[in-house]
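Values in this text are rule-based calculations from the coordinates and carry no lab data. Keep in mind the model is a prediction, meaning the values are calculated, not measured. Because the Cβ atoms are built from the backbone with ideal geometry, glycine has one as well, and the counts that use them run over all protein chains shown.
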Amino acid sequence: MATKEFPLDPQTVPAVQTAYRTIRTKIPVPQSIEKLQRLHDLEPRSMAGQPPVIWAGGEGATVRDPYGNRWLDFSSGVLVTSVGHGRPEVVKAIQDTAAQGLYHAYCFPTDVRLRLVETLTDLLPAPLKRVFLLTTGSEACECCIKLARTWGMKVAGKSKKVLVTFDNAFHGRTLGSQLAGGAPGLKTWIGDLDPAFVQVPFPDGFRQKDVSFDVFEAALARQGVDPADVCGVMSETYQGCNAKLMPAEYAQALRAWCDKHNAVLIFDEVQAGFGRTGKPFGFMHYGITPDLIACGKGISGGMPLSAVAGTEKLMNLYGPGEMTSTHSANPICSAAALANIRVILDEGLIEHAAALEPVLVDGCRRIAAAAGGKVGRWDVTGLVGALQFARPGTTTPDSDLAWKMVLRAIQSGVMLFAPVGVGGCAIKINPPLIITEDALQEGLDVLEKIAAEV
Ligand code: PMP
């Protein structure tokens with residue numbers, strides 16, 4: 001996502017000391033520069049996209065470095081640590097499973113795998129009653145693409161292989177997930193694109209003003225796609241770059257269109273799932289049920305685990321041993337996911353995310369006002385917000401300003417990840433779901449002040 005690097009020159013910044021934030025050194029920390037430089041020397045440049053802070057651990061909605069600084073975490077890593085950092089229940093699940101000597105089991109059955117698929121199928125409505133556990137979000141999206149295409153070509157007819165996705169969509173960084181992605185700049189390396197991957201405008205109301213479903217059908221017709229050849233349609237439930245759901249009527253029309261044309265409807269819930277939007281799954285805002293979903297990130301609270309859930313017809317397309325992965329349902333990751341989901345449910349974190357939405361809305365409104373016309377668009381859904389910086393009065397991305405905001409936030413004790421989305425112009429606010437209203441307000445006040453300054 002990131003396209004630039006943050007500078008490695010330590011800046012003197014005002015000291016900060018509150019209940020959630022401590023900044024007591026220059027930022028970046030002078031003693032950290034050698035280590036950061038070593039990483040720069042030994043890794044691909046792609047790994048140098050995040051703010052130059054060495055993470056040493058965290059508690060709840062805060063993360064700390066080894067030098068006595070502490071940040072209020074508005075990143076959740078990258079929308080992962082929903083129940084907070086260092087969460088005792090998750091730590092214990094990891095420790096207990098490791099102590100049992102069970103840290104790998106390939107696809108041999110385990111008790112923890114059974115408990116996790118039971119928990120997940122209990123959370124999901126019919127007909128999403130089969131779950132396949134994997135490791136990364138990209139892998140889960142790839143699996144959905146494969147199932148839709150397999151079904152289309154094998155069951156519904158040889159030519160039924162077109163997968164429709166959306167402009168500016170992000171589904172991961174592997175070949176299939178990038179073919180399905182909607183940022184042309186991310187797929188130039190592929191060279192010859194598969195014509196069976198087709199994109200249409202996402203109804204975001206900003207870059208795509210007309211949010212009616214007519215646009216979907218017109219975009220397919222313009223690209224010469226016969227609906228009969230479409231095996232599936234996949235969309236992030238909300239687009240990661242703008243935190244905005246599609247209009248419910250649009251999603252309902254999409255469901256009806258898929259039913260009419262015998263196409264699989266897939267929602268990528270990698271960001272939206274497990275309470276982030278104030279509902280258990282983002283698609284529940286739409287009053288429809290897709291045929292497949294891809295999950296990741298917030299499913300586990302931190303450990304690498306992802307999942308595909310789907311209908312019997314799709315999930316059983318492959319025979320025993322034909323759809324597996326070395327680390328499917330890793331026992332430690334599965335135990336962590338169970339503990340994470342238990343906390344989300346027991347502490348009412350989904351309802352909490354919904355209850356804090358107005359606070360985040362108010363905060364984003366204040367930040368946009370303070371930025372004086374330089375926020376082209378902001379959106380909030382549950383506990384995820386995105387502010388897109390743009391040249392005043394246009395949709396032209398202003399990434400310089402977005403990057404400056406992130407750097408200043410880091411210097412002020414609020415953790416944000418690097419800007420994302422079109423032209424790297426959007427900053428995302430997505431704290432752990434356990435954040436208190438007080439802590440959320442404090443971070444939003446900091447960002448409002450910075451917005452006025454930059
Ligand atoms: N889908 C969405 C909506 C995502 O946000 C991401 C990650 N940012 C992915 C898929 C890919 O997940 P991973 O990085 O775990 O492969």
Checklist outcome for this item: Expressed to two decimals, the stretch 350-433 has a Cα Rg over Rh, using the Kirkwood radius, of 0.97
Item to check | Value of relative contact order over the chain, rounded to a whole percent, pairs C-alpha under 8 Å and six or more apart | outcome: 21 percent
Checklist entry - Gain in length, Lys449 to Leu345, computed as 0.36 nm per residue apart minus the alpha-carbon separation, to one decimal in nm? => result 33.9 nm
Checklist entry - Label point 7 Å out from Lys92 along Cα-to-Cβ: which residues of the stretch 320-344 have amide N under 13 Å? => result 339-340, 342-343
Checklist outcome for this item: Between the Cα axis of helix 437-453 and the main Cα principal axis of the chain, the angle (0 to 90°, nearest 10) is 70 degrees
Checklist entry - Between Ser328 and residues 5 or more places away or on another chain, which pairs have amide H atoms under 5 Å apart, with H built 1.01 Å from N, and which residues are they? => result none
Checklist entry - Taking only the alpha-carbon positions of the stretch 89-346 and ignoring solvent, what does the Debye formula give for the base-10 log of I(q)/I(0) at q = 0.07, 0.12, 0.13 Å⁻¹? => result -0.23, -0.68, -0.80
Item to check | Degrees separating the helix 33-42 axis from the principal Cα axis of the chain, which is the longest one | outcome: 30 degrees
Item to check | Antiparallel bridge percentage (DSSP; both residues within the chain; nearest 5) | outcome: 65 percent
Checklist outcome for this item: Expressed in Å to one decimal, the Kirkwood Rh of the chain from all distinct alpha-carbon pairs is 22.6 Å
Next on the checklist: If I model a spin label at Asp192 and Ala256 as a point 7 Å from the Cα along the Cα→Cβ vector, what separation in nanometres do I get?
Outcome noted: 4.1 nm
Checklist outcome for this item: With Cα coordinates, the longest principal axis of the chain makes an angle with the long axis of helix 399-411, in degrees rounded to 10, of 50 degrees
Checklist entry - When ranked by the protection proxy of mean other Cβ atoms within 10 Å per residue, highest first, what sequence do the peptides 202-215, 169-182, 299-312 form? => result 299-312, 169-182, 202-215
Next on the checklist: If I take R0 = 30 Å and measure r between the Cβ atoms of Met153 and Phe108 in this structure, what FRET efficiency does the formula 1/(1 + (r/R0)^6) give, to the nearest 0.05?
Outcome noted: 0.45
Checklist entry - Any idea what the relative contact order of the stretch 89-346 is, in percent, if you count C-alpha pairs under 8 Å spaced at least 6 apart? => result 31 percent
Checklist entry - Given +1 on the Cβ of Lys and Arg, -1 on the Cβ of Asp and Glu, and no further charges, what dipole in debye does the stretch 89-346 carry about its Cα centre, rounded to the nearest 20? => result 140 debye
Item to check | For Gly376, residues with placed amide H under 5 Å, excluding near neighbours | outcome: Gln388, Phe389, Ala390
